[in-house]
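No value in this document is a laboratory result; all are computed from the given coordinates. On a predicted model such as this, the values are computed, not experimentally measured, just so you know. Here the Cβ positions follow ideal geometry from the backbone for every residue, glycine too, while neighbour counts run over all protein chains shown.
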Amino acid sequence: MLGIARRKAEELRLGNIHFVEGNAVALAFPDRSFDLVLNMDRAISFCGPEAERALFGSCRVTRKKLIITVANRAGMVPIWTAASLEVA
């Protein structure tokens, strides 16, 4: 997915985008690094027993706003939840 994103950014001549591959459980960024952190499903739900640690990491690197969506894949029908948190 990063390769596709890089190619699309090049095609659109978006030179100000920096792509980073990482681990949601061990984010390698300083505290309050980003104005917006967006977790779309997999960043948290595929962390298994370390999901709570991943959530705390997302909160740690967020300066202003954290948006999270989660899908319940255990049930027959996916249940989507969205949460948004503004940091004071």
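The order of Leu66, Leu14, going from fewest to most other C-beta atoms within 10 Å of their C-beta, is Leu14, Leu66. Between Asp31 and Glu11, the modelled label-to-label distance comes to 4.2 nm, taking each label 7 Å out from Cα in the direction of the beta carbon. Charge tally around Leu36: other residues with Cβ under 10 Å, Lys/Arg +1 each, Asp/Glu -1 each, net +2. Sorted fewest first by neighbouring Cβ atoms within 10 angstrom, Thr62, Thr69 come out as Thr69, Thr62. For segment 11-25, 3J(HN,Hα) computed residue by residue from phi via the Karplus equation (6.51, -1.76, 1.60; θ = phi - 60°) reads 4, 8, 6, 9, x, 9, 9, 10, 8, 9, 8, x, 10, 4, 7 Hz, glycine and proline entered as x.
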